[in-house]
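The values are calculated or read from the model by the stated rules, or taken from the named source; none is laboratory data. Note that this is a predicted model, so its numbers are computed, not measured. So basically every Cβ, Gly included, is an ideal-geometry build from the backbone, and we count neighbours across all protein chains shown.
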Amino acid sequence: MPTSPVEIPLPYSPEIEEAIASLKPILQGSYPISPRALSLLLLQGDEEALDQVREQEGQDAFERAQAVRTRLQDRLSEPVEWHIAQSRHQWGQALVEGALERNAPKKSRGLGEWLGMLCMNPITGFPILALVLYFGLYQFVGIFGAGTVVGLIEENLFGEIINPAVTAFVERVIPWQPIQQLLVGEYGVWTLGVTYAVALILPIVTFFFLVFAVLEDSGYLPRLAMLIDRAFKALGLNGRAVIPIVLGFGCDTMATVVTRVLETKRERILTTFLLSLTIPCSAQLGVVLALLSGHPKGLLIWTGVMIGVFLIAGWLAARVLPGAPAPFYMEIPPMRFPNISNVIVKTLARLQWYFLEVFPLFLIASLMVWIGQLTGLFDLALRALQPVTQWLALPSEAAVAFLFGFFRRDYGAAGLYQLDEQGLLSGNQLLVVAVVLTLFVPCVAQFLVTLKERGWRMALGMLVFTLAFALLVGVFLSWGLQALGIAV
């Protein structure tokens, strides 16, 4: 004979219990679950529960139930569903601790478990992180990918073979000079858009995606989150924020979307702000590492400025935004040797995303530059940016890199690469423009995603602040290098 289920009371905070009691007289219909369970679903905004209440209770009762949820949310600093999940987690943890007795002998730890523990221990974890950054990002992505491989593809293959052949073909087949400029001019669709996207940026993001896939498949990223959780607490975040922050080194646009994994609105705002201001995308990072690899002192200063800005800006933003950091818990998968097929599949999937989402933006940017040249708007924008280059003690040609930075951060970094190839920048100037472009405004794609995720006021506020702050840091850095007589 079937028996009715026994309901085990799970206590919530007084505010939530008060809201449940307020919903009880509203729910008079016949539902397949208990009124308490239905009330909890309503407070969490469950769409199916909301539809059933509207159908059985009528629009007036439905609006009263919605008002209860709104009043509760106004009283809480974090989302209602987060408070409910926290209460359930704490109750379940207490239940497990009271029911389990650990008498089994401890198993000997394997190599993977020992390595995982070393990655999370602050004494050994930070040196391991330094090795990962040095060999994974600096040597593999910056020196080998952005230096050796890009040199072979961009300078030898495209510069000496492909681009001259394409230019000669276009000039022979198309007699109209404006169309020639569109296709193979200085900022043409082929000579700038395709060449930058395929010969310069593609190798860099490929090597970064390989490194990221290895770290992801090995189980290192969750351990990195545990390692830096305490440091992130000072920035108003917790270790979970390492996921979008690390993803930002691949693409800030993608990372801004991934901020959805963070529990509270406050954490999502803080992380989006830090992504917009301080985190360079993979192509931008690779180009900067390649350019500054010949100036070790400049690379050290650039790294120090980026870390300092990240910590200071995050600490100040955490003091401005109300609320407290959310508790942190994360499932730690076993540490293992990366599966080669998994790494390849993940890398190819991200490269497909690059070609579908990013590559067309390079072509569109070239088209916009061409239109700007025909109408005179491009030259007008360059003249408007020249006072900025003067404040930063940079050559006027650097205005092109800043202008490209408005389209995409990696596009601006590619323009910086071209300036260095032409010998237009000294070591100090290279350092200053690298710092400013790293802190520069979000690219168009990231700005649009921020607009969608955070709202127009927050997106515009971040845009204005990052632009002003980047220029201010660049001016002080330029003056400081001159005043101290530092040459990088």
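The conditions are (1) surrounded by fewer than 18 Cβ atoms within 10 Å (Cβ to Cβ); (2) hydroxyl-bearing (Ser, Thr, Tyr); (3) in contact with a Pro (Cβ under 6 Å, 6 or more places away or on another chain), and SER218 fails exactly one of them. Which is it?
The number of the failed condition is (1).
For the range 77-96, does any single residue satisfy the condition of being at negative phi, surrounded by 15 or more Cβ atoms within 10 Å (Cβ to Cβ) and assigned to a loop (DSSP other than H, G, I, E, B)?
Yes, the conditions are met somewhere in the range 77-96.
Please find, within the range 123-145, the residue that is modelled with the highest pLDDT out of those that are β-branched (Val, Ile, Thr) and within 15 Å of VAL211 (Cβ to Cβ).
ILE128
Only one of these is at pLDDT below 85 and not aliphatic (A, V, I, L, M): PRO338, PRO327. Name it.
PRO327
Name every residue in the range 37-58 that is under 19 Å from VAL80 (Cα atoms), in contact (Cβ under 8 Å) with a residue 24 or more places away in the chain and surrounded by fewer than 16 Cβ atoms within 10 Å (Cβ to Cβ), in order of residue number.
Selection gives GLY45 alone.
Of all residues in the range 470-488, which are under 28 Å from the mean Cα position of the chain (by Cα) and β-branched (Val, Ile, Thr)?
VAL473, VAL475, listed by residue number.
With the checklist (1) surrounded by fewer than 17 Cβ atoms within 10 Å (Cβ to Cβ); (2) in a helix (DSSP H, G or I) in hand, flag the one item ALA61 doesn't pass.
The single condition ALA61 does not satisfy is (1).
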